[in-house]
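Have a look at the structure below before the remarks.
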Amino acid sequence: SKLAALFKHPLYNIPIPEVTEKDKLFVINPMEKFSLRSSGSDEWVSSSKAETLLPTGKTAYDTYPAWLKFHIGINRYELYPRQDPLMPTLLRDLATQRIVSSVQKSGGTQLKLIMTFPNYGQALFKPMKQTRDQETPIDFFYFSDFERHNAEIAAFHLDRILDFRRIPPVSGRLVNITKEIRDITTDKKLAKTFFISPVGNVCFYGECSYYCSTEHALCGKPDQLEGSMATLLPDKTLAKRRSWRSPWRRSYHKSKKAEWELNPNYCAQVRETPPYNRGHRLLDLIDMTVLDFLMGNMDRHHYETFEKFGNNTFLLHLDNGRGFGTHSRDEPSILAPLRQCCSIRKSTYLRLQLLATQPYRLSDLLREALATDPLAPLLAEPHLRALDRRLGKVLAAVGRCLAG
């Protein structure tokens with residue numbers, strides 16, 4: 001396995017700083033045990049009652065479901081560890097756990113559902129909008145593009161291969177629209193949008209600001225629909241997140257350009273502005289730029305961080321559905337932060353060089369990672385080939401900076 005070899009490479013074994021209590025997102029009581037009621041009802045019981053239900057010798061941590069272990073494991077330096085023993089279980093839960101509730105997620109431009117499992121885990125479901133071999137039409141603006149379920153899944157695996165580990169785990173899943181959405185939803189607005197198409201397929205469209213109409217309905221075959229299931233981050237009431245506007249945000253206007261597109265010295269301005277004037281925030285943003293360029297994602301207007309860790313922490317790379325829309329062209333403007341600032345983390349640069357070598361070719365690694373997903377194959381071959389081409393362009397841009 002090329003992937004196993006990659007994760008054994010010294011560049012993928014650089015230790016993170018020691019994690020102290022204040023570097024953890026949650027500090028938990030090690031004695032607190034949780035278990036599901038043995039009666040089969042879906043309620044947690046707290047420690048005092050759990051004693052009798054727990055097999056002897058189990059620690060409290062062993063009683064937690066995978067999603068809760070994932071939340072507890074988040075720290076200042078990483079969303080999850082490189083060699084994470086939880087990952088296979090977490091991905092399998094997303095793909096197979098029974099869905100007990102489906103409601104529409106409010107906000108956002110396109111339809112997304114929040115699905116809940118019997119163990120109280122939750123996932124964000126993005127339904128399939130286009131087939132693997134369709135490309136974004138050349139006359140589409142980036143802000144009116146579809147969100148793709150397969151892009152969300154591929155982005156998670158690519159982020160992991162780049163060793164950023166800043167995207168919550170995502171798995172593909174085939175969902176039964178009738179049994180796992182329509183019959184169990186308590187969302188009245190969503191429930192009103194179901195219908196049977198002229199050929200007998202079950203369809204729905206929900207409520208949102210783009211693509212939520214009968215013309216853009218999501219239809220099963222006859223009721224099976226593909227989608228991505230992304231692990232939800234801890235509730236914001238438990239772990240506040242801060243949303244930051246990207247300095248290289250696009251104008252989101254059909255004819256206006258953003259300042260960074262007009263001012264070649266724009267980066268000098270950014271470097272003087274908090275939080276980019278100290279610490280590693282600018283380097284984190286350039287990491288995100290590299291990820292976006294490889295995927296062809298032009299829609300990175302904001303990013304988030306966990307408030308508890310202040311400015312000294314990683315960026316969350318959320319919402320990647322507009323990646324992998326085009327393989328036949330590359331979008332050089334995505335690389336503007338790298339080109340204008342001529343900065344990149346040394347470890348990121350060394351890993352990118354490694355991923356351009358034959359034994360660790362990026363397209364081969366992503367193909368191998370995606371092959372284990374329930375909806376494989378997830379990317380058409382031209383998308384995988386485009387990754388290698390784009391990686392060459394990132395390295396060339398760094399080369400020009402080094403030569404300059």
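Could you tell me which of the residues Arg339, Arg329 is open to solvent by 50 Å² or more (accessible area, probe 1.4 Å), of a type in the set (Lys, Arg), out of contact with any Asp or Glu (no Cβ under 7 Å at 6 or more places or on another chain) and part of a loop (DSSP other than H, G, I, E, B)? Show your work before the answer.
On the way: Arg339 fails: part of a loop (DSSP other than H, G, I, E, B).
Exactly one residue qualifies, and that residue is Arg329.
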* One residue from Arg300, Arg385 being buried (at least 17 other Cβ atoms within 10 Å of the Cβ), among the charged types (D, E, K, R) and either assigned to a strand (DSSP E or B) or in contact (Cβ under 8 Å) with a residue 12 or more places away in the chain (or both) -> Arg300
* To do: Considering every residue within the stretch 48-58, establish whether at least one is hydrophobic (A, V, I, L, M, F, W, C) and either assigned to a loop (DSSP other than H, G, I, E, B) or at pLDDT 95 or above (or both).
  => yes
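Taking the stated definitions as given, is Ala396 assigned to a loop (DSSP other than H, G, I, E, B), modelled with pLDDT of 95 or more and open to solvent by 30 Å² or more (accessible area, probe 1.4 Å)?
Working: assigned to a loop (DSSP other than H, G, I, E, B): no; modelled with pLDDT of 95 or more: yes; open to solvent by 30 Å² or more (accessible area, probe 1.4 Å): yes.
It is false that Ala396 is assigned to a loop (DSSP other than H, G, I, E, B), modelled with pLDDT of 95 or more and open to solvent by 30 Å² or more (accessible area, probe 1.4 Å).
Let's see how each residue does on (1) open to solvent by 20 Å² or more (accessible area, probe 1.4 Å); (2) touching a residue at least 60 places away in the same chain (Cβ under 8 Å):
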residue	(1), (2)
Ala239	no, yes
Arg249	yes, no
Asn263	yes, no
Val270	no, yes
Thr273	yes, no
Phe293	no, yes
Phe306	no, yes
Asn312	yes, yes
* Can we say Leu352 is without any contact (Cβ under 8 Å) to a residue 24 or more places away in the chain and either open to solvent by less than 50 Å² (accessible area, probe 1.4 Å) or outside any helix (DSSP H, G or I) (or both)? -> no
* Ser228 versus (1) open to solvent by less than 20 Å² (accessible area, probe 1.4 Å); (2) closer than 30 Å to Lys69 by Cα; (3) part of a loop (DSSP other than H, G, I, E, B); (4) among the polar types (S, T, N, Q): which is the lone unmet condition? -> (3)
* Picking from Pro264, Pro247, Pro222, which residue would you name as being more than 21 Å from Ser102 (Cα to Cα) and modelled with pLDDT of 95 or more? -> Pro247
* Residue check for Tyr211: out of contact with any strand residue (DSSP E or B) (no Cβ under 8 Å at 6 or more places or on another chain), aromatic (Phe, Trp, Tyr) and buried (at least 18 other Cβ atoms within 10 Å of the Cβ) -> yes
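The values are calculated or read from the model by the stated rules, or taken from the named source; none is laboratory data. All values derive from a computational prediction rather than experimental measurement. As a convention, Cβ positions derive from the backbone with ideal geometry for all residues, glycine included, and neighbour counts pool all protein chains shown. Accessible surface areas use protein heavy atoms only, side chains included; no ligands, DNA or RNA. Shrake-Rupley method; radii C 1.70, N 1.55, O 1.52, S 1.80 Å.
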